[in-house]
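Data block below; observations after.
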Amino acid sequence: MIDWNRVRELRDEIGTDEFADVVDLFLEEVESEISALRGRDGPDRIEARLHFLKGSALNLGFEDFAALCQTGEQMANQGHANKVDVTEIIETYDKSRAAFMASLPQLEDT
């Protein structure tokens, strides 16, 4: 679900203080996009939203969420935006976020 090696790598690259800021920014931006997906704002925006979410997720190691976003992005690109399982994407984000936040304090000890 979470690529902890990627998370550690990012933390080590940018430093602990900046890492906390990146996590906060990530969660804020992703929550905004997730809210828009929940609102089903139209198939023409789904591809761009999923592309953004995929990139953000990969940067912070949210592997399963990123994979679903990539699949949805590809479907939307092929004209099948209405078939993208937005509910699954959102549920996977929620689970990934919960797992990430639960284990984040342990990461700070390593």
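Where a number appears in this text, it was derived from the coordinates with a stated rule and is not lab data. Remember, predicted model here, so these are calculated numbers, not experimental data. Because the Cβ atoms are built from the backbone with ideal geometry, glycine has one as well, and the counts that use them run over all protein chains shown.
Tabulated data
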quantity	calculated
Sparsely packed trypsin sites (Lys or Arg not before Pro) within segment 18-100, loop by DSSP, other Cβ within 10 Å at most 15	Arg40
Quarter of Cα convex hull surface for segment 13-60, i.e. mean projection, nm²	3.3 nm²
Size of segment 69-110 as Cα extents on the principal axes (Å, biggest first)	46, 17, 6
Cα lying deepest toward the dipole's positive end in segment 19-110, options Ala76, Tyr93, Leu37, charges on Cβ	Ala76
10 Å binning of all Cα-Cα separations within the chain, expressed as whole percents from 0 upward	15, 47, 26, 10, 1
